[in-house]
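The values are calculated or read from the model by the stated rules, or taken from the named source; none is laboratory data. Just so it is clear, the model here is predicted, and its values are computed rather than measured. Ideal geometry is used to build each Cβ from the backbone, glycine not excepted, and the neighbour counts take in all protein chains shown. Ligands, DNA and RNA are stripped out before the accessible areas are found, and what is left, the full protein with its side chains, is counted by its heavy atoms. Shrake-Rupley method; radii C 1.70, N 1.55, O 1.52, S 1.80 Å.
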Amino acid sequence: MPLSAAPGLLAMPPRNLLTSDLQRPGYHFLPPANWMNDPNGLIQWDGALHMFYQYNPLGPWHERIHWGHAVSEDLVHWRDLPIALAPRAGEQDADGCWSGCAVGNHGIPTLIYTGVFPQVVNLATSRDGLISWEKHPANPVISGPPPELGPQAGGHLRDPFVWREDGEWRMVIGCKQEDAGGVILGYRSPDLVQWEYTGPLLAGDQTSDDPAWGGTMWECPNLLQFGEQRALILSPQATPTDHLEPVYHVGRYAGDRLESETRGVLVHGRYFYAPQVVHLNDGRYVTWGWLKEGRSDAACLAAGWNGVMSLPLAVRMRDSSALALEPVEELRMLRHRHWQLGPLSLQDGQVRLLPGVEGSRLEIVAEVELSEDAEIAILIGCSPDMEEQTAIRCGGPGRALVIERSRSSRSDQVQRWPTIAPLGSTDGARLHIFLDHSVVEVFADQGRTVLATRIYPARQDSIHVGVRGLGRTCDIRALDIWTLNSQNKVAG
Ligand code: DQQ
């Protein structure tokens, strides 16, 4: 992909290159083309939200990672800005500018990021309103894992998350302990340049079956505060090639350690990974995660893009024990056509396509009755003959919430395993579903149960919506469906 360079800056490719791609999301943020992964450096500056992200300008694969950059006034519509950070030969990020965060340091926007290889912590500052970035002469400000961990850390030290507390800078950062598991380390600093190691904040156990403790390396920590409580979000890595689901621990500080009291999976489905949280001026915590692809590398190469951001999600504490994620209210501005349906009663085995209800960008709110002996499914991405269809089903034995992808696409290049999560609700559920071409996100239990996955309908006419009942008579109390406008198809 040719890069047109403004003086000293790498510009983004134009936004109109891939607009005819049936599977390319329309209202989720993604770069104009090529590879993206983690969100980085989320920061509100002069009233606008800046998002940086892991980006490869050379194509849709992970290599020589740069920081892409976009800005939004409303969390929903984005404008592309020039590439913020690029690896530079002979420097502390010669092989890539990996994940990190952003802070305002006495009015100076400052990026704190991972340089590779070896893995170190670097700084970069901007003097022109976050457009161009100068790497700090003191780089690296942390040159590797603390000597106390010895060779057990294997050189892994990445994804600094920094905040201000009690008049100093605090940092949490991902690391590992060989044969033991992932660990999040703590540091403190008076000036972002001199850092003192304060010890492990929380350590995992790679032999544990609990996803919140498992993994061989813990990446991308975020530490949030809810009154006296802290919530640590992290992304556990199992092996270099097998990423797991992001998890959280809720607890309290005991010195510089976190006492984990409750914990859980933040988003189910193995596609949402490496979320970063920003604390907005209005008091909300908002996060985006990287949604990975569920199709072959060859399919991504042919498409010219790989990776997309999740929806912007508000992070809330529920019952002083569980983190919940819910789509931010600003997303309502995307709503266009509206159908209000229901109540609907479905006989055992009945499948009903909803006449005239269609779209590849949809928001659906379904209030359904739950029972052990009846299962209800909302069907999206359906072709008229049902060759292609994706079922979001709940109820039945165990009352799980499942996204069934076995018939989502007639392509042989896609993953098909189902996404499954236990549902907390017992008698009824409110399912909040978002479809954006190849992205599906489902929220239930007031955001305590979240699923995200990827589907790739290959037929132009796989745009229909239906419902299905199984077991005995199934009741849908209310069904609201909106088409959603695209934000990515407008010029960037
Ligand atoms: N992605 C980055 C790392 C991080 C990982 C590299 C998580 O900094 O640990 O692109 O997806």
* **Pairwise label distance in nanometres, Met386 with Ser320, each label 7 Å out on the Cα-Cβ vector** => 4.9
* Answer rounded, prolate or oblate for the stretch 215-291, using the Cα gyration tensor with square roots of eigenvalues a ≥ b ≥ c: rounded when a/c is under 1.5, else prolate when a/b is larger than b/c, else oblate. => oblate
* Asked: Under a point spin-label approximation (7 Å from Cα along Cα-to-Cβ), what is the Leu341-Tyr253 distance to one decimal in nm?
  -> 5.2
* Tell me what the chain gives for mean residue ellipticity at 222 nm when only DSSP H runs of n ≥ 4 count, each as -39,500 (n - 2.57), the sum divided by the residue total, rounded to 500 deg cm²/dmol. => -500 deg cm²/dmol
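Using 0.36 nm per residue of separation minus the Cα-Cα distance, give me the extension gain between Leu17 and Arg430 in nm, one decimal.
Working: separation 413, 0.36 × 413 = 148.68 nm, distance 3.79 nm.
Here the answer is 144.9 nm.
Can you give the extra length, in nm with one decimal, that the chain gains between Thr262 and Ala478 once fully stretched, where that is 0.36 nm per residue apart less the Cα-Cα distance? The partial results should precede the final answer.
On the way: separation 216, 0.36 × 216 = 77.76 nm, distance 3.35 nm.
Stretched fully, the Thr262-Ala478 segment lengthens by 74.4 nm.
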* Where only protein heavy atoms count, and the probe is 1.4 Å, what is the accessible area per residue for the chain in Å²? -> 38
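Would you mind telling me the share, in percent, of accessible area of the chain contributed by carbon and sulfur at probe 1.4 angstrom?
49
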* Structure fact -> Of 472-479, 145-152, ordering from highest average Cβ density within 10 Å down gives 472-479, 145-152
* What ranking do 311-319, 217-225 get when scored by the average of other Cβ atoms within 10 Å per residue, highest first? -> 217-225, 311-319
* **Rg followed by Dmax, in Å, when the stretch 305-464 is reduced to its Cα trace** => 15.6, 47
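Once you order the gyration tensor axes a ≥ b ≥ c over the Cα atoms, which shape class does the stretch 5-120 get: rounded for a/c under 1.5, otherwise prolate or oblate by comparing a/b with b/c?
oblate
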* If you wrap a convex hull around the Cα atoms of the chain, how much volume per residue is inside, in Å³? -> 141
